[in-house]
Amino acid sequence: MTLSPLAAHAGETVPYTVDGEAFEGYRAKPAGTSKGLVVVIHTWGGLTSYEEKRADMIAALGYEAFAIDLYGKGNRPVDTDSRRKEAEKLYNDRARMRKLLMAGLAEARREGDQPAVVVGYCFGGAAALELARSGDANGIKGYVTFHGVLKTPGGESYSAGTPPLLILHGGADTSVTMDDVAALSRELEAAKVPYEIQVYAGAPHGFTVWDTERYRKDADEKSWAAFTRFLGTQLRG
């Protein structure tokens, strides 16, 4: 299997507001009847062409995809320090993170209430897990993280009844360690939350991001296949 970042179904930018603040999401629709909704959460760089291309690939699988914006219109930091600062604003204000997640989910469902899976990349993985712990997102059938940040903030926990989680992790990730993976596994076991964790040998943090030194083709393809199977199981109707 070879994954291509080229758009199979070109989507469109979707402007929306949260308490008067401007945001820009991205919607990609399948050619035929949608098999369900996939909500995509961006990396710490904001919603860029990377997430848009992933949304297009999801649409090519037959699902409607909506990439939400957690930073605000035009806020797409490009250097490491700026990206860290933007991500930390939300890491340090979990209430705002949840509010923006719920607003993005509402916008994703504006054209129809479909069963959904939420997927996040890196920082977006942390946001996806934040939504999973909130218990507020009705109609969500599962959560997926690609090389996501996995630590649970103090005072938060998972509850029984949380939809299944799929954790796709790089074995050579030095930002999110195997200790973090093990800690999450213990939390989910204690809460009796269904989950699956896949670890890809030699894959560093950000292993799915094309055109970077971190990209690992084998791990990208294997994790995408696992993600595709998960969608088929959780959104089978």
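No value in this document is a laboratory result; all are computed from the given coordinates. Note that the structure is predicted; figures quoted are calculated from it, not measured. Virtual Cβ from ideal backbone geometry, glycine too; neighbours counted across all protein chains shown.
Considering only the other residues whose Cβ falls under 13 Å of the Cβ of THR17, what net charge follows from Lys and Arg at +1 and Asp and Glu at -1?
-2
With 25 Å as the limit, write out which pairs from LYS151/LYS192; LYS89/LYS192; LYS89/LYS222 have Cα-Cα distances beyond it, or answer none.
LYS89/LYS192; LYS89/LYS222
Using a cut-off of 18 Å between alpha-carbon atoms, which aspartates and glutamates can reach LYS85, once sequence neighbours fewer than 8 places away in the same chain are excluded?
ASP69, ASP93
When you count, for each residue, the other Cβ atoms within 10 Å and take the mean per peptide, how do 152-161, 182-191, 83-92, 48-57 rank with the highest first?
Going from most to least packed, we get 48-57, 83-92, 182-191, 152-161.
What is the list of residues in region 159-182 whose amide nitrogen lies under 13 Å from a point 7 angstrom out from the Cα of LYS192, following Cα to Cβ?
Under cut-off, by backbone N: 159-162.
Mind running the shape call on region 123-237? Use the C-alpha gyration tensor, a ≥ b ≥ c as the square roots of the eigenvalues: rounded below 1.5 for a/c, prolate if a/b tops b/c, oblate otherwise.
oblate
For region 12-234, give the share of DSSP beta bridges that are antiparallel, in percent and rounded to the nearest 5; count only bridges with both residues there.
Percent antiparallel among DSSP bridges in region 12-234 is about 30.
Using the Cα gyration tensor of region 71-182, with a ≥ b ≥ c the square roots of its eigenvalues, what is the shape: rounded (a/c below 1.5), prolate (a/b larger than b/c) or oblate (neither)?
It comes out oblate by the Cα gyration axes.
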